[in-house]
Structure formats: C-alpha cells, structure tokens
Amino acid sequence: MLFSRLIQEFSSYGFTERGVSEATIAVCRSTLSRLSDFLAGRGSTAEFETVRTANLRRFVSDIKQTRASNATIARHVHAVRSFWRFVVETYDLGSNTGLPRFCSRSGAKPLGDPAMGAARGDLQRR
C-alpha cells in the first residue's frame with residue numbers, strides 16, 4: 001500500500017469520522033509526508049509494508065537531531081502512532097506481517113518505549 005494513498009485515507013477518516021480539525025489533520029499530514037520523504041531518502045520504497053521498526057527509530061532520532069522541542073517530538077510520535085494504528089486496524093494487518101507493532105492494542109511497545117530509542121524521560125528532559 002502506498003504511503004500517499006494511506007495518508008489521504010487517514011486524513012479523510014480523521015475529518016469525517018473522528019471530527020478532527022483541519023489544522024490537526026494538516027499537521028499530521030505534514031509529519032507523515034516528512035516520514036515518507038525520510039524513508040525515500042534512505043532508499044526505502046513508498047510502501048507501508050516495507051517499513052520496519054529500525055526505520056521509525058531513525059526517524060525519531062532524526063527529529064531529535066534538529067533540536068526539536070519535547071512538544072514537537074511528541075507531536076510527531078503521536079501522528080505516526082495514530083496513522084499506524086489506523087492502517088493496521090483498517091486493513092486488518094495482524095502481527096504476522098512483520099510490520100512494527102508499536103501501536104497495536106495487543107500490548108506491543110509504544111514508540112516512546114526505551115527499547116524503541118525514545119524514552120519518555122528523554123523526551124521530557126529535552
């Protein structure tokens with residue numbers, strides 16, 4: 001599934017079914033476009049199924065290197081987690097896909113988990 005199409009679907013879902021403001025959707029789209037560009041810049045394809053946990057760790061690390069504020073880092077992490085949850089649940093992509101499971105409801109580790117490289121305390125200290 002192409003990122004661009006999924007981002008459009010996620011935006012539509014957020015606006016029509018969740019009642020999220022246009023400004024919030026624009027911010028999420030910006031983060032997801034940044035993630036897509038980040039992946040493309042590292043030789044990954046624009047397909048959702050090719051993204052791995054290491055890609056997401058590097059994305060968060062890249063944001064940290066820009067000296068972004070805690071709030072900015074948290075906003076990016078939240079947008080990616082929400083998007084991931086939407087795609088996994090919408091397309092019923094269970095745990096057998098090999099995709100990162102950081103946002104599943106099955107108790108998988110969140111992106112901010114220390115094992116993912118972005119500890120909550122670290123986000124709060126920045």
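The values are calculated or read from the model by the stated rules, or taken from the named source; none is laboratory data. Everything numeric in this text was worked out from a predicted model, so none of it was measured. Cβ: placed from backbone, ideal geometry, glycine included. Neighbour counts: every protein chain shown.
Do the conditions hold for A74, that is, is it part of a helix (DSSP H, G or I), under 18 Å from R5 (Cα atoms) and modelled with pLDDT of 90 or more? Taking the combined requirement at face value, the residue does not satisfy it. A115 meets each of the listed conditions (1) surrounded by fewer than 13 Cβ atoms within 10 Å (Cβ to Cβ); (2) at pLDDT 55 or above; (3) of a type in the set (A, V, I, L, M) apart from (2). The selection criterion, being at negative phi, assigned to a loop (DSSP other than H, G, I, E, B), hydrophobic (A, V, I, L, M, F, W, C) and surrounded by 13 or more Cβ atoms within 10 Å (Cβ to Cβ), holds for L93. Quick one: would you say R75 is among the basic types (K, R), surrounded by 16 or more Cβ atoms within 10 Å (Cβ to Cβ) and either touching a residue at least 40 places away in the same chain (Cβ under 8 Å) or over 21 Å from E89 (Cα atoms) (or both)? Here the answer is yes, as R75 does meet what is asked. Sub-9 Å Cβ pairs linking a first residue in segment 1-16 that is surrounded by 12 or more Cβ atoms within 10 Å (Cβ to Cβ) to a second residue that is assigned to a helix (DSSP H, G or I) and charged (D, E, K, R), at least 6 apart or interchain, are M1/E49; I7/R29; Q8/R29; F10/R29; S11/R29; F15/E22, ordered by first then second residue. Taken over segment 29-54, the criterion of being in a helix (DSSP H, G or I) and in contact (Cβ under 8 Å) with a residue 40 or more places away in the chain is satisfied by T31, L32, R34, L35, F48, E49, T53.
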